[in-house]
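K.L.:
The structure's right below; bear with me while I get my questions together.
The values are calculated or read from the model by the stated rules, or taken from the named source; none is laboratory data. Note that the coordinates shown come from a computational prediction; the quantities given were computed from them, not determined experimentally. Using ideal geometry, Cβ is built from the backbone for each residue, glycine included, and neighbour counts are taken over all protein chains shown.
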Protein chains: 2
Amino acid sequence: MQQGYVHVYTGNGKGKTTAAIGLAIRSLGAGFAVYLGQFIKGMKYSEIVMLEKLSEELGSSRLEVHQYGRGCFIRREPAEEDKKLAQEGLGQALAAMVSGRFQLVILDEINVALHLGLLHEQEVLSFVEARPQQVELVLTGRYAPQALLDRADLVTEMQEIRHYYRKGVEARKGIER
Amino acid sequence: MQQGYVHVYTGNGKGKTTAAIGLAIRSLGAGFAVYLGQFIKGMKYSEIVMLEKLSEELGSSRLEVHQYGRGCFIRREPAEEDKKLAQEGLGQALAAMVSGRFQLVILDEINVALHLGLLHEQEVLSFVEARPQQVELVLTGRYAPQALLDRADLVTEMQEIRHYYRKGVEARKGIER
């Protein structure tokens with residue numbers, strides 16, 4: 001069994017969630033089993049639609065997709081319900097990671113969940129500590145805290161050099177959501 | 001029909017090709033048709049295996065995947081055959097882009113093909129100019145030239161903050177290839 005590593009995709013540029021999803025596709029192509037948990041969002045974004053369809057075809061032993069959000073953006077202070085869902089999600093992901101069933105575990109937008117206070121830094125660091133050594137673990141989202149970066153084997157900062165939202169382009173189906 | 005834009009994913013960090021593939025998955029989930037052309041590589045990387053399988057299931061009207069390389073890395077000077085394949089690939093991709101059949105067109109590793117001299121900058125700029133306005137066009141790879149960055153609507157630099165290859169980890173199936 002090959003040694004796994006911890007990746008963090010952070011920064012303010014486009015491409016963090018999509019890079020994690022592309023890695024899921026690559027891993028599936030290699031015959032691996034993939035667990036994807038998505039914090040915060042909860043809406044049925046187009047990538048979730050496609051991954052759920054893939055999961056149906058391949059079977060949940062090859063691909064599990066879960067969303068731990070309420071299906072709406074969190075504005076201002078998160079509600080207790082948001083925290084509860086995030087913490088339950090982290091617990092489910094932990095159970096999946098230590099089960100030995102998955103070679104790749106992705107926690108999408110977990111850094112934002114941390115930033116918003118839905119999760120505590122220590123909980124996430126403990127999650128990373130609990131990783132079986134053969135599991136590849138990917139954590140995405142802006143605002144990754146330094147303590148997490150310090151524990152990662154691979155860190156990519158997706159840096160915005162130019163973004164069309166500055167021209168007033170809103171999030172579009174199939175491209176941003 | 002929604003307005004399309006030009007994306008460039010460049011830089012030395014992990015996540016450029018995977019971000020493009022994740023965007024393909026998102027677009028497919030939204031019902032779009034996707035054309036992916038990959039320069040340089042040509043090897044049957046795991047993501048290509050998975051995308052070809054998806055293409056079989058969804059049909060080639062929804063997803064076309066092409067590789068324009070010889071299936072081996074180019075070391076030192078590229079051969080005439082490498083240039084010929086890259087230029088034929090660009091021609092095929094152009095025909096696909098202007099056909100009106102695809103909402104998303106991805107030219108993976110085209111920046112590296114430029115850097116290695118398989119394609120001329122002016123050819124690629126002309127390709128970008130030929131984009132029908134409803135097509136979303138994504139160009140990936142290190143070493144994107146400034147003239148291309150200037151014409152892009154969205155540029156993300158995947159910046160390597162830390163990479164495990166510096167610890168001696170080689171490219172692994174399902175993760176890098």
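K.L.:
All but one of (1) of a type in the set (A, V, I, L, M, F, W, C); (2) over 29 Å from residue B:58 (Cβ atoms); (3) more than 15 Å from the chain's Cα centre (by Cα) hold for residue A:49; which doesn't?
P.N.:
The single condition residue A:49 does not satisfy is (2).
K.L.:
Pull up the range B:37-52, narrow it to residues that are modelled with pLDDT of 95 or more and over 14 Å from residue A:25 (Cα atoms), then point me to the one that is surrounded by the most Cβ atoms within 10 Å (Cβ to Cβ).
P.N.:
B:39
K.L.:
Taking the range A:110-156 as the region of interest, how many residues are of a type in the set (D, E, K, R), touching a helix residue (DSSP H, G or I) at 6+ places or on another chain (Cβ under 7 Å) and under 19 Å from residue A:17 (Cβ atoms)?
P.N.:
Total meeting the criteria: 1.
K.L.:
If I filter the range B:162-177 down to residues being of a type in the set (A, V, I, L, M, F, W, C) and surrounded by fewer than 17 Cβ atoms within 10 Å (Cβ to Cβ), which single residue comes out as nearest to residue A:164 (Cα to Cα)?
P.N.:
Restricting to residues being of a type in the set (A, V, I, L, M, F, W, C) and surrounded by fewer than 17 Cβ atoms within 10 Å (Cβ to Cβ), the top hit is B:171.
K.L.:
Sticking with this structure for a sec: Search the range B:58-73 for residues being within 25 Å of residue A:156 (Cβ to Cβ) and either out of contact with any Lys or Arg (no Cβ under 7 Å at 6 or more places or on another chain) or among the charged types (D, E, K, R) (or both), and hand back the single one that is surrounded by the fewest Cβ atoms within 10 Å (Cβ to Cβ).
P.N.:
The residue in question is B:73.
K.L.:
Out of the residues in the range A:11-40 that are of a type outside the set (Gly, Ala, Ser) and under 21 Å from residue A:87 (Cα atoms), state the one that is nearest to the chain's Cα centre (by Cα).
P.N.:
Taking the candidates together, the pick is A:38.
K.L.:
Taking residue A:71 as the residue in question, decide whether it is at pLDDT below 95, more than 11 Å from chain B (Cβ to nearest Cβ), within 20 Å of residue A:172 (Cβ to Cβ) and touching a Cys at 6+ places or on another chain (Cβ under 8 Å).
P.N.:
Considered against the rule, which asks whether it is at pLDDT below 95, more than 11 Å from chain B (Cβ to nearest Cβ), within 20 Å of residue A:172 (Cβ to Cβ) and touching a Cys at 6+ places or on another chain (Cβ under 8 Å), residue A:71 comes out as no.
K.L.:
I've got another one for you. May I ask you to say which residue of A:21, A:110, A:25 is under 19 Å from residue B:15 (Cβ atoms), β-branched (Val, Ile, Thr), free of Cβ contacts under 8 Å to residues at least 12 places away in the same chain and buried (at least 17 other Cβ atoms within 10 Å of the Cβ)? Before you say what the answer is, go through the steps one by one.
P.N.:
Numbers: A:21 fails: free of Cβ contacts under 8 Å to residues at least 12 places away in the same chain; A:110 fails: free of Cβ contacts under 8 Å to residues at least 12 places away in the same chain.
Going through A:21, A:110, A:25 in turn, the sole match is A:25.
K.L.:
Only one of (1) touching a strand residue (DSSP E or B) at 6+ places or on another chain (Cβ under 7 Å); (2) of a type outside the set (Phe, Trp, Tyr); (3) at the interface with chain B (Cβ under 7 Å from one of its Cβ atoms); (4) surrounded by fewer than 20 Cβ atoms within 10 Å (Cβ to Cβ) fails for residue A:55. Which number is that?
P.N.:
(3)
K.L.:
Quick check on this structure: which one of B:136, B:123, B:129 is closer than 15 Å to residue A:175 by Cα and of a type in the set (D, E, K, R)?
P.N.:
Numbers: B:123 fails: closer than 15 Å to residue A:175 by Cα; B:129 fails: closer than 15 Å to residue A:175 by Cα.
On inspection, the qualifying residue turns out to be B:136.
K.L.:
Considering only residues that are more than 24 Å from residue B:7 (Cβ to Cβ), facing chain B (nearest Cβ under 7 Å) and among the small types (Gly, Ala, Ser), which ones fall in the range A:1-44?
P.N.:
Answer for the range A:1-44, where residues must be more than 24 Å from residue B:7 (Cβ to Cβ), facing chain B (nearest Cβ under 7 Å) and among the small types (Gly, Ala, Ser): just A:30.
K.L.:
Hey, another quick one. Would it be correct to say that residue B:91 is closer than 25 Å to residue B:163 by Cβ, in a helix (DSSP H, G or I) and out of contact with any strand residue (DSSP E or B) (no Cβ under 9 Å at 6 or more places or on another chain)?
P.N.:
No: the conditions fail for residue B:91.
K.L.:
Same structure, new question: Which of the residues spanning the range A:1-36 are of a type in the set (A, V, I, L, M, F, W, C), modelled with pLDDT of 95 or more and either in contact with a His (Cβ under 9 Å, 6 or more places away or on another chain) or over 24 Å from residue A:88 (Cβ atoms) (or both)?
P.N.:
A:19, A:20, A:23, A:25, A:28, A:30, A:32, A:36
K.L.:
Go through the range A:120-151 and give me each residue that's touching a Phe, Trp or Tyr at 6+ places or on another chain (Cβ under 8 Å) and more than 30 Å from residue B:153 (Cα to Cα). Before the answer, list the steps.
P.N.:
Quick first cut of the range A:120-151, residues touching a Phe, Trp or Tyr at 6+ places or on another chain (Cβ under 8 Å) only: A:135-141.
Those that are touching a Phe, Trp or Tyr at 6+ places or on another chain (Cβ under 8 Å) and more than 30 Å from residue B:153 (Cα to Cα): A:135, A:136, A:137.
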